[in-house]
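The values are calculated or read from the model by the stated rules, or taken from the named source; none is laboratory data. Owing to the predicted nature of the structure, the values given are computational and were not obtained by experimental measurement. Ideal geometry is used to build each Cβ from the backbone, glycine not excepted, and the neighbour counts take in all protein chains shown. Heads up: the accessible areas ignore ligands, DNA and RNA and are worked out on the full protein's heavy atoms, side chains in. Shrake-Rupley method; radii C 1.70, N 1.55, O 1.52, S 1.80 Å.
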Amino acid sequence: NYPVERTHSRGNGELRTRASELGTVTCDLEICAPRAHNQSGIIMLHCMRKTTSAWIALSLLPLLVCSFHTTCGTRDIAPRPRTSSSVRIALALAVANKEIRGERYGVANNSTIPTPEEAAAAVGVRPSIEASKKTWQRVWRLHGSALPFLHTFDSCKPADSNLSLRCLWLKALAGNDRSSPVYDNGLYFDLLPPFSRTIVGRRLRWLYPRLHHANIEMRTAFLDKAVGNFISSVRKGSDSPCGNAKLVRLISIGAGYDARSVKFVERGAIDEAIEIDLPQVIKAKELLLGPKRLLRRRPWLNEMSMPTLIGADLNQVDDVNRILEGALKSGSKETWQDWHTIFVFEGVMIYLNEGVPSKLLEICSSVLAENGLNGSLCLADRLENSPGGDKDLGGAELARNGWDLIDWSPKPGLARHMLTARLLRVGDR
């Protein structure tokens, strides 16, 4: 559906394609045949920025170079005549659909989902750039294909379970931005493998356009602030809306390789942290948080109470219920009331079986209410029975599962519902 002007010239191995409306991104790849049989070919990549997509190509150049060097760097290229050794390729990164991702959102378009600019402003971060859906998909696939090469020499080498590893890299990129509210002094960066992590370091961070890491930065900023607000409320004492609790417990459901628990432990803001995820994810995360990686780079954490990691399939809701019962009822019964429990869901419900997300919300509230405990909910995920950003639908879904909506801040993307909620008492349900 998109008119594209194409010109082809076969002379001297040249092929050009020009998108007449969106401009052209020209990448010249010149392969010079070596004069000796066992020498490696020389590849020169020149990117000229004319559109947003060109900037994406330039910013992801380190990933491309790493991938190409690993797969092709040791291959021999047979000698060829000089006249046929140069191949020039001009690639148009213009998309088949001109629609900008998120442009249909916002009040002006009668949508319950705000625009990226509105959603970003609500949490105090810069918005993502304007780019088409295909551009977002292309960059996402490129990042995924680069992961094996980025972790080639990684002694921990975690699996990319439900895209958790990609999110770790994106959070490290956002966390290295000193101007962002999610700046973490290199915490997520310290979970990445040596050498290859340099490409998302502070010196190269500015190269990357605000695409996926900007989207994740929004929900990170929202959740960090929401958790911090509940902690502050608990520390205020008996007059706080969090009741008489004196201690704070943070339980992350489906945490993946997220380091929010470690962040608040490092700050001394919470008294206990528990994370629940798939056994293989937990096994990999134990290595990331252990003496081979995080504890070696941040040795002061050895003196702190690191998160308790528990392996479980979240689709097996009975197992999750048993784990939460054991966690909340640990110690003597007299001390149960001293704890305020904050449940965190981030980008996990979209991967669960139908009906499980609502059931997990119900389990979290029931375990608290039935034992006379207090707690709250911080979520940046996708609620069931609430396809858009309608606050009433979201509030109704929470109420059915024992939660009273406090703050509602939807955003574009799959994990579109950002919210906080307090526990509904049994009599109020």
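At-a-glance table
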read-out	value
Long-range HN-HN contacts of residue 308 with modeled amide H, under 5 Å	273, 274, 275
Positive-pole candidate from 216, 152, 187, dipole of segment 137-225, charges at beta carbon	216
Residue 248 long-range amide H proximity, modeled H, under 5 Å	271, 272, 340
Long-range HN-HN contacts of residue 403 with modeled amide H, under 5 Å	424
Segments 170-183, 382-395 sorted - mean Cβ within 10 Å per residue, highest first	170-183, 382-395
Computed FRET value (nearest 0.05) for residue 303 with residue 129, which takes r as the C-beta separation and R₀ as 51 Å	0.75
Dipole of segment 252-297 [Lys/Arg +1, Asp/Glu -1 at C-beta], most positive-end residue of 288, 262, 273	288
Estimated distance in nm for a label pair at residue 202 and residue 390, the labels positioned 7 Å out from Cα along Cα-to-Cβ	4.8 nm
Probe 1.4 Å, accessible area per residue of segment 149-274, Å²	37 Å²
Entries in 236/359; 246/411; 333/359 that, when Cα-Cα distance is taken, lie over 30 Å	236/359; 246/411
For segment 275-307 versus segment 324-377, the gap between their alpha-carbon centres in whole angstrom	23 Å
Segment 233-352: C-alpha gyration tensor shape, a/c 1.5 cut-off, then a/b vs b/c	oblate
Sequence-distant lysines (8 or more away, or on other chains) whose Cα lies within less than 17 Å of residue 283	157, 292
